[in-house]
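*Asks:* Provided herewith is a single structure, encoded as structure tokens, for subsequent inquiry.
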Amino acid sequence: MKYVSTRGRAPALSFSEILLGGLAPDGGLYLPETYPHFDAADLAAMRKMDYRELAFAILSRLADDIPAADLKALVDKTYTVEAYSHGRPDSDFGQITPLRKLEDGLYILELSNGPTLAFKDMAMQLLGNLFEYALDKVGQDINILGATSGDTGSAAEYAMRGKHNVRVFMLSPAQGMTPFQQAQMYSLQDANIFNIAVRGVFDDCQDIVKNVSNDLEFKAKYRIGAVNSINWGRIAAQVIYYFKAYFAATANAGQQVSFCVPSGNFGNVCAGHIARMMGLPVAQLVVATNENDVLDEFFRSGVYRPRTAAQTLHTSSPSMDISKASNFERFIADLAGRDYARVAELWKAVDAGGSFDLNADGLFAKVKDFGFASASSSHADRVATIRMAWSRYQTMIDTHTADGLKVGLEHRQPGIPMICLETALPAKFEETIREALNLRPERPAGLENLEALPRRVQTMDPDTAAIQAYIARHADDPLPR
């Protein structure tokens, strides 16, 4: 399996060769040259597998340069019941990602039972083990640079803390996360974790990560790697739970399901798109946005119009307060039939602060062939949906999952199960849960007084050069033994 850039001007590389990096040298994102395909016989065999067996079956097609025994050991080390049952000892946890039935044909896929209570743990825990494995093979260390709107940062830091060959430099918006999210990251005292609170919004943080990734000299000198969903390893790991959910929701071969996915950076739903391209019978991939509805605007109109930092709203589903969806480029590459020159042309406009319209050349008309639909949700919508889920289904959901459930209900089709992807546990968004239900969401054991812990964080302006200088000063700091 070789991987190519969405912009077509980078050499084809193996999974291990792209694992530690982020963007391709030409500024694009990596995709498989062709997607592996699971046929009906494959799917029938996979239906009987547990999560670890399923993970190995899928990843062995995508990471075929890692010896099978090594890959299996990494998967088995990552996906344990102990790692994914944080405070919720339920009989379904042997499945790693339990499927919660709300009513006939309507489900929530539980993805938030990892160490940081968010779906990002599903991929990040594997990525941490893959990084350590790959770096040990070559005898090197790496400096991870990432950006977070809330959950990626803590998931990455908890996956990488204590690793003997990894430092993490994580950028986050200084005012853009809940107190719980901030405390999860900033309270970590590990010597290999560096938190940088940026005076700006998530898109400022993401732009800095891209600027550093495109500075090839700096990237090479200071051994810069990536854990954001621009990293293909993250996307590959997320494909697994789409297959697991499909088998849990269906009984018959070939039966279709639909997924509704809360989305800001397009990474989670991009994994669903890839699962569909690999042969999973998916009827619809429904993108749920909050008030920052750039993706919804595209799927309704064919116009992709990223917004500025000043135009990005701070909402009660803050992990989706994103106006430039990095992974969207991967989908457009497939939509354009892998016309990499066309993708490069489109993103030249985006990178210059512009937009693009896919109506004129007929590309937007092809979106329906990929099963995509979308809608947006507001603060009032998510509060109402949280109340509805509690009263009707006796289920407490977080604000992002509420966006997904609200939009998923609007797109149900007769006879086709609708699976709404959980994003995080309600404890991470206590203020809005209190507003909706007048209840304090339960916290897993050990996290009761998280916000009171001492903090280790550096606040900086959204200045690429200044942040590069900070990384350079700490790029060789001692690592855990």
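Just so you know, all these numbers are worked out from the coordinates, no wet-lab data involved. The structure presented is a predicted model; accordingly, all values stated were derived computationally and were not measured. Please note: Cβ atoms are built from the backbone with ideal geometry, for glycine as well, and neighbour counts cover all protein chains shown.
*Asks:* Residue 140 to residue 64: FRET efficiency via 1/(1 + (r/R0)^6), r the Cβ-Cβ distance, R0 30 Å, to the nearest 0.05? Numbers along the way, then the final one.
*Replies:* Working: r = 23 Å, r/R0 = 0.75.
With a Förster radius of 30 Å, E is 0.85.
*Asks:* Hey, with R₀ at 30 Å, roughly what FRET efficiency would residue 220 and residue 175 work out to, going by the Cβ-Cβ distance, to 0.05? Numbers along the way, then the final one.
*Replies:* Numbers: r = 34 Å, r/R0 = 1.13.
The pair residue 220/residue 175 has a calculated efficiency of 0.35.
*Asks:* Can I ask one more? List 148, 97 from most exposed to least, where exposure is judged by having the fewest other Cβ atoms within 10 Å.
*Replies:* Values: 148 27, 97 24.
With the sparsest Cβ surroundings first, the list reads 97, 148.
*Asks:* To make sure I understand, if each residue's beta carbon is the centre and we count other beta carbons within 10 Å, what order do 212, 138, 261 fall in, fewest to most?
*Replies:* Values: 212 22, 138 11, 261 29.
Neighbour counts put them in this order, fewest first: 138, 212, 261.
*Asks:* Can you classify region 196-248 as rounded, prolate or oblate using the Cα gyration tensor, where a ≥ b ≥ c are the square roots of its eigenvalues, rounded means a/c under 1.5, and otherwise it's prolate if a/b beats b/c and oblate if not?
*Replies:* Details: a/c = 4.07, a/b = 1.89, b/c = 2.16.
Judged from the Cα gyration tensor, region 196-248 comes out oblate (a/c at least 1.5, b/c at or above a/b).
*Asks:* What's the exposure ranking of 164, 400, going from fewest to most Cβ atoms within 10 Å?
*Replies:* Fewest-to-most Cβ neighbours within 10 Å comes out as 164, 400.
*Asks:* While we're looking at this one, here's another question. Taking a cut-off of 22 Å, what percent of all Cα-Cα pairs in region 69-176 are separated by more than that? Walk me through the intermediate numbers first.
*Replies:* Working: 2339 of 5778 pairs.
That tail contains 40 percent of the Cα-Cα pairs.
*Asks:* Which value in Å does the Kirkwood hydrodynamic radius of the chain take, with 1/r averaged over all unlike C-alpha pairs and then inverted?
*Replies:* So the Kirkwood estimate lands at 22.3 Å.
*Asks:* Related question: Report the Rg/Rh value for region 357-412, based on alpha-carbon coordinates and the Kirkwood definition of Rh.
*Replies:* Numbers: Rg = 15.4 Å, Rh = 13.0 Å.
Using Cα coordinates only, the ratio equals 1.19.
*Asks:* Still on this model: Can you give the calculated 222 nm mean residue ellipticity of the chain, where each DSSP H run of n ≥ 4 adds -39,500 (n - 2.57) and the sum is split over every residue, rounded to the nearest 500 deg cm²/dmol?
*Replies:* On the way: 18 runs with 192 residues, N = 481.
So the helix-based figure for the chain works out to -12000 deg cm²/dmol.
*Asks:* Convex hull over the Cα atoms of region 1-121, averaged projected area in nm²? Each step should come with its number before you reach the end.
*Replies:* Working: hull surface 38.9 nm².
Mean orientational projected area (region 1-121, Cα hull): 9.7 nm².
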